[in-house]
Amino acid sequence: MITDPKDLRYEVEELYYAYVECLDDEELERWPEFFVEECLYKIIPRENFERNLPIALMRCESKGMLKDRVTTVRETSVYAPRALRHLLSNIRIKESDNGQLRVQANYAVLETLPDEETHVFNAGKYLDLVVREDGRLKFKEKLCVFDSILVPGSLIYPI
């Protein structure tokens, strides 16, 4: 158990950086390993989140559902090739209680299609519950709350 706040902050930041690196490098088979078995993952518009509406663009309620999502992307989805780059800022531990951390971070996802200019694909904030499992920090909840009311038409990958 890490007790030094600087060490804990570093460990949290490393979790986030490894998470987005996994997505940026299209190592989707590794993505579910960032979560505990009983977890919640949602991509939800800010308006729905603020109004406590349950409708999300993507919702997975277990590691098994995350693995199913990876299978869907790899085996059944048809989409144009693209490169995604996640930018993170302001990673903050907002609360620590009984070994659970409430963490918030801002994100922006840039998307580049082969014959197009890079554009901002999605931006918002992560609102997460992080726990320690087998000595490693993992996500118990990851809410990707995006700022726009417009739905990205090509949302196939996790954010």
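The values are calculated or read from the model by the stated rules, or taken from the named source; none is laboratory data. Values in this document were obtained by computation on a predicted structure and should not be read as measured data. Heads up, the Cβs are rebuilt from the backbone with ideal geometry, glycines too, and the neighbour counts pull from every protein chain shown. Quick note on the areas: whole protein, heavy atoms, side chains included, nothing else; ligands and nucleic acids left out. Shrake-Rupley method; radii C 1.70, N 1.55, O 1.52, S 1.80 Å.
Number of residues in the range 100-118 that are surrounded by 10 or more Cβ atoms within 10 Å (Cβ to Cβ) and more than 17 Å from the chain's Cα centre (by Cα): the value is 5.
Does the range 142-150 contain any residue that is part of a strand (DSSP E or B), open to solvent by 10 Å² or more (accessible area, probe 1.4 Å) and either free of Cβ contacts under 8 Å to residues at least 12 places away in the same chain or not small (Gly, Ala, Ser) (or both)?
Taking the range 142-150 and keeping what is part of a strand (DSSP E or B), we get 142-146.
Okay, now just the ones that are also open to solvent by 10 Å² or more (accessible area, probe 1.4 Å), so 143.
From what's left, either free of Cβ contacts under 8 Å to residues at least 12 places away in the same chain or not small (Gly, Ala, Ser) (or both): 143.
Yes: the range 142-150 contains one or more residues that are part of a strand (DSSP E or B), open to solvent by 10 Å² or more (accessible area, probe 1.4 Å) and either free of Cβ contacts under 8 Å to residues at least 12 places away in the same chain or not small (Gly, Ala, Ser) (or both).
Does residue 159 satisfy the criteria of being on the phi < 0 side of the Ramachandran plot, open to solvent by less than 20 Å² (accessible area, probe 1.4 Å), assigned to a loop (DSSP other than H, G, I, E, B) and of a type in the set (A, V, I, L, M)? Against the criterion (on the phi < 0 side of the Ramachandran plot, open to solvent by less than 20 Å² (accessible area, probe 1.4 Å), assigned to a loop (DSSP other than H, G, I, E, B) and of a type in the set (A, V, I, L, M)), residue 159 qualifies. Of the residues making up the range 63-86, those that are among the aliphatic types (A, V, I, L, M) and open to solvent by less than 30 Å² (accessible area, probe 1.4 Å) are 66, 70, 73, 84.
Contact map, the range 102-115: residues that are free of Cβ contacts under 8 Å to residues at least 24 places away in the same chain and farther than 16 Å from residue 23 by Cα paired with residues that are assigned to a strand (DSSP E or B) and open to solvent by less than 50 Å² (accessible area, probe 1.4 Å), Cβ distance under 6 Å, separation 6+ or inter-chain. No pairs are found. The set of residues in the range 102-158 that are under 14 Å from residue 35 (Cα atoms) and in contact with a Cys (Cβ under 7 Å, 6 or more places away or on another chain) comprises 139, 140, 141.
I'd like the full set of residues that are open to solvent by 10 Å² or more (accessible area, probe 1.4 Å) and assigned to a strand (DSSP E or B), limited to the range 125-141. Let's see the steps before the verdict.
The initial filter retains those residues of the range 125-141 that are open to solvent by 10 Å² or more (accessible area, probe 1.4 Å), namely 125, 127, 129, 131-138, 140-141.
Answer for the range 125-141, where residues must be open to solvent by 10 Å² or more (accessible area, probe 1.4 Å) and assigned to a strand (DSSP E or B): 125, 127, 129, 131, 132, 133, 136, 137, 138, 140, 141.
Scanning the range 6-16 for residues that are aromatic (Phe, Trp, Tyr) and either farther than 17 Å from residue 141 by Cα or more than 11 Å from the chain's Cα centre (by Cα) (or both) yields a single hit, 10. When 53, 28 are checked against the criterion of being over 11 Å from the mean Cα position of the chain (by Cα) and open to solvent by less than 10 Å² (accessible area, probe 1.4 Å), a single residue qualifies: 28.
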